[in-house]
Amino acid sequence: MMSTSERITKLVTENDIVLFMKGVPQAPQCGFSASVVKVLTALGQPFAAVNVLEDPFIREGIKEYSDWPTIPQLYIKGEFVGGADIVREMYDSGELQGLIAPQGAA
């Protein structure tokens, strides 16, 4: 059986974009999760979503894993990007688009 940390590692390495959120993209359970879903949807890139409300181990484990106290948490290409405020700022500045643009794309 995999540890919580191993499960999180698997999720963030097997998916280019992973959002650990409260609820699901179609029905976010908090405003911060909703705002990140909105940004990711605007970028038009597919992303994996993990509903932390369904898994208390992931819900606690992700905070230790990233050393970040709040949900949502966004990972891109295995790297922790940040929570709702950081994601929104990076989107507004264009930095987020650069992180997820396909390699070699203009």
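For Gln97 and Glu79, compute 0.36 nm times the residue count separating them, minus their Cα-Cα distance, and round to one decimal in nm.
Computed gain between Gln97 and Glu79 is 5.0 nm.
Using only Cα atoms and rounding to the nearest 10 degrees, what angle (0 to 90) does helix 84-93 make with the longest principal axis of the chain?
Value to nearest ten degrees: 10.
By how many nm would the segment from Asp55 to Lys38 grow when fully extended, if each residue of separation counts as 0.36 nm and the alpha-carbon distance is taken off?
Working: separation 17, 0.36 × 17 = 6.12 nm, distance 2.30 nm.
Extra length from Asp55 to Lys38 when fully extended: 3.8 nm.
Sort out for me the Cα centre separation of segment 40-106 from segment 1-18, rounded to whole Å.
13
Any idea what the relative contact order of segment 1-98 is, in percent, if you count C-alpha pairs under 8 Å spaced at least 6 apart? Write out the running numbers ahead of the final one.
Values: 135 pairs, mean separation 34.0, N = 98.
35 percent.
Rank-order 30-40, 85-95 by packing density, defined as the average count of other C-beta atoms within 10 Å over each peptide's residues, highest first. Present the calculation step by step, with values, prior to reporting the outcome.
Working: 30-40: 19.2, 85-95: 14.4.
So the order, starting with the most tightly packed, is 30-40, 85-95.
Values in this text are rule-based calculations from the coordinates and carry no lab data. Keep in mind it's a predicted model, so treat the numbers as computed, not measured. FYI the Cβ positions are ideal-geometry reconstructions off the backbone, even for glycines, and counts take in every protein chain you see.
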